[in-house]
Amino acid sequence: MTETKARAGDAYPEPTHPGAEVTSAMAGFLKEFKGFQADVKQALQHQEERLTMLNQKTMTYGRPALSASAEMDAPHQKAFDAYLRSGDDDGLRGLVLEGKALNTSVAADGGYLVDPQTAELIRSMLVSTSSIRAIANVVTVESSTFDVLIDRSEVGSGWATETGSQTETSTPAIERISIRLHELSAMPKASQRLLDDSAFDVEGWLAGKIATRFLRAESAAFITGDGIDKPKGILLPPKVANASWTWGSLGYVPSGAASDFATTNAADCIVNLVYALGADYRANASFVMNSKTAGAVRKMKDADGRFMWSDGLAAAEPARLMGYPVLICEDMPDIAANAYAIAFGDFAAGYTIAERPDLRLLRDPFSAKPHVLFYANKRVGGEVTDFAAIKLLKFAVS
């Protein structure tokens, strides 16, 4: 057996623990990771500071958000916005755009047509509100009148034999109703200082003001208009008892009381009104009344004690009376003696609204200084085109 001895002065390194090397390596890794984390944190802090500065600059000057895609109408929008704010029409005059639904050229009298985006916003606001426009027949025309051809007669017929002679039968006649377009206008105003504020949405403000004004004027004219510089409303034609109805007048059904519903069987007049309308029109028929009348009607019950009024179960679904939609139009008259407070009919067939697609806008910075006036106008007309498609409820004994 050989014995190994250490030389004088020499010493072996002391033995180390197996986990010591791992601990040392982990400590070095954590030290390096903390350094990397500090660098990333510092870089993120610098980036956040730069984004904050950029955001402040953007808010200061009211810059619009960048579009994700190219906007073909951006030049016209910028020119139109400049015209609203300062009256600068150079941008509008220099535009050469393809004309489609609306013409963006400058008129000879110095007026301008509202850009398509603003005009569409106004149109959508008018459609979404409670007005006869929502259920009537709306057509767009390019002239000052719109002619509706009505075929209200039947072709004659008769039984024939194999060898018998044929006799001439009656030929249907066509009647023409001409709807004249009238001018509807609005004139909102804003201070020049407000227009100079680049953070203010001028187009949105203008569209809202014009739509509100047009809505009130249109809704009233479509119900009670007399045809003098305004459309002819659904209550304008002569009214006769439905049993004596003739073309050119509207048939009515009495409520059974002088100035209210009958004290007994109050709902009978509603049933009579529904079935006074021809079966061809009932499939697309609707009730039209104001809120006060609706409050009285929705309390009615049938013979079994069930409410005749039912609210819509889905969003944006209208309430229903005897299964037919109800349009709440505040321009309908209140319940009173001899008032025609409820209308029932197929208004898509019975009432036609004709309008031009253009919406003209004039800017006037002089008449109301320091405010700027915006004069907007459009042309619209309306008239009953099928007298058999609409029936009325008259609050009278007979």
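The values are calculated or read from the model by the stated rules, or taken from the named source; none is laboratory data. All values reported here derive from a predicted model rather than from experimental measurement. Neighbour counts run over all protein chains shown; Cβ positions are idealised from the backbone, glycine included. With ligands, DNA and RNA removed, areas are computed over all heavy atoms of the protein, side chains included. Shrake-Rupley method; radii C 1.70, N 1.55, O 1.52, S 1.80 Å.
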Surface accessible to a 1.4 Å probe, per residue, for the residues of the stretch 306-346, Å²: 50
Point-charge dipole on Cβ atoms (K/R +1, D/E -1) for the stretch 348-389, about Cα centre, debye to 20: 340
HN-Hα J in Hz across the stretch 285-298 - Karplus 6.51, -1.76, 1.60, θ = phi - 60°, x for Gly and Pro: 7, 9, 8, 10, 7, 8, 5, 5, 5, 4, x, 7, 6, 6
Residue-span extension gain [Asp201 to Lys41] - 0.36 nm each, minus C-alpha spacing: 53.7 nm
Span from the the stretch 194-239 Cα centroid across to the the stretch 290-349 one, whole angstrom: 25
Surrounding net charge for Trp309, when Lys and Arg each add one and Asp and Glu each subtract one, Cβ distance under 15 Å: +2
Given Lys189/Lys391; Lys209/Lys292; Lys301/Lys394; Lys299/Lys391; Lys299/Lys378; Lys209/Lys299, the pairs whose alpha carbons are separated by over 32 Å: Lys189/Lys391; Lys299/Lys378; Lys209/Lys299
Built amide H within the under 5 Å cut-off of Ile342, gap 5+: Leu393
Table column - 3J(HN,Hα) (Hz), the stretch 242-258, Karplus curve with 6.51, -1.76, 1.60, x for Gly and Pro: 4, 5, 10, 5, 9, 4, x, 9, 9, x, 10, 10, x, 7, x, 9, 5
Surface accessible to a 1.4 Å probe, per residue, for the residues of the stretch 258-302, Å²: 51
Interchain or long-range residues, amide H under 5 Å from His182's placed H: Val380, Gly381
Efficiency of FRET between Met53 and Glu330 - r from beta-carbon atoms, R0 51 angstrom, step 0.05: 0.45
